[in-house]
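Working notes for the structure below.
Here, each number is a calculation from the coordinates, and none is a lab measurement. Quick caveat, the model's predicted, so the values are computed rather than measured.
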Amino acid sequence: MASGVTVKDEVIKVFNDMKVRKSSTQEEIKKRKKAVLFCLSADEKHIIVEEGKQILVGDIGDTVEDPFATFIQLLPSKDCRYGLYDATFETEETKKEDLVFVMWAPEDASLKSKMIYASSKDAIKKKFTGIKHEWQVNGPEDLNDRAALADKLRGQGPQVISLEGKRV
């Protein structure tokens, strides 16, 4: 079921910037987004970038020790969100980075919020061409176990042994 919600161009730009990773200088790399949240506009007609809800690569090590834990803290406890998380992980074979599309719909969110976010998910997913991983998360207990995200990243591939430098 489609909701009629549209995706603002800024959301698509953020996705493309995270996907391409064409940063060349140290300053450009530091400004790259590690994670970002998207929400509905106040009139519930558009999906927009949520102001102030992002993690930059340059923040890691300075103000952010664990980007995954910090991403979890950005999520509201009683409302839904969409998120993009640029996961850095390691398998027995290689180190990788992949974008993960997150649909956050906590149990404490209102039924209206859950309905509109669920019915608008396809609108944003269609704009995120080439996304390999989607993760539906319904509460903090789903997030606290890094192995759940590691399983999403693994797919049919080799076992993920670390996520963001921490053993899984």
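Results, tabulated for the structure shown:
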read-out: Cα gyration tensor shape for segment 72-130, rounded if a/c is under 1.5, else prolate or oblate; value: oblate
read-out: Prolate/oblate/rounded call for segment 58-106, Cα gyration tensor, a/c under 1.5 rounded; value: oblate
read-out: Within the chain, helix-based [θ] at 222 nm, where runs of 4 or more DSSP H residues each add -39,500 (n - 2.57), nearest 500; value: -9500 deg cm²/dmol
read-out: Cα gyration tensor shape for segment 82-168, rounded if a/c is under 1.5, else prolate or oblate; value: oblate
read-out: Greater than 18 Å apart at Cα, pairs in Lys95/Lys132; Lys45/Lys114; Lys19/Lys125; Lys13/Lys96; value: Lys13/Lys96
read-out: Residues with amide H under 5 Å from that of Ala109, placed H, sequence gap 5 or more; value: none
read-out: Contact order relative to length of the chain, as percent, for alpha carbon pairs under 8 angstrom and 6 or more apart; value: 22 percent
read-out: Square roots of five times the Cα gyration tensor eigenvalues for the chain, Å; value: 25, 19, 15
read-out: Per-q log10 I(q)/I(0), segment 1-81, q = 0.21, 0.22 Å⁻¹ (Debye; single scatterer per alpha-carbon; no solvent); value: -1.04, -1.10
read-out: From the C-alpha gyration tensor of segment 12-59, square roots of 5λ in Å; value: 24, 11, 6
